Amino acid sequence: MTSSTTTLKLPASLKKRIAALAAKQSTTSHALMVSALEEHVARAERWQEFVEQAATADRAAEAGGPVYRATDIHGYLDSVVRGEPARRPRPSRR
């Protein structure tokens, strides 16, 4: 992995907090910040993907695609979580 240098101007209080946390985790401030940025970016990317999938599903439902009753979905998921046999819900009529 190639790296490039980036400069961050941090408030002194945040820099102290990062240093203290890094010391407790037996790592460096640099490694802690890189890890935190990686986790944040990955989470933001997953969220963006979720929003895009939701928008696609909404457009499909609006165009006449299948829709399901929330109570049917919740009942199905409750059964699955409890380890009980469960039939997949069927689309509801509009």
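The values are calculated or read from the model by the stated rules, or taken from the named source; none is laboratory data. Quick caveat: nothing in here was measured; it's all calculated off a predicted structure. Here Cβ is always computed from backbone atoms with ideal geometry, including for glycine, and neighbour counts include all displayed protein chains.
Got at least one residue in region 54-72 being at pLDDT 95 or above, of a type in the set (Ser, Thr, Tyr), in a helix (DSSP H, G or I) and surrounded by 11 or more Cβ atoms within 10 Å (Cβ to Cβ)?
Among the residues of region 54-72, not one is at pLDDT 95 or above, of a type in the set (Ser, Thr, Tyr), in a helix (DSSP H, G or I) and surrounded by 11 or more Cβ atoms within 10 Å (Cβ to Cβ), which makes the answer no.
Kindly evaluate Arg46 against the criterion of being closer than 28 Å to Pro91 by Cβ, in a helix (DSSP H, G or I) and at pLDDT 95 or above.
The answer is yes for Arg46.
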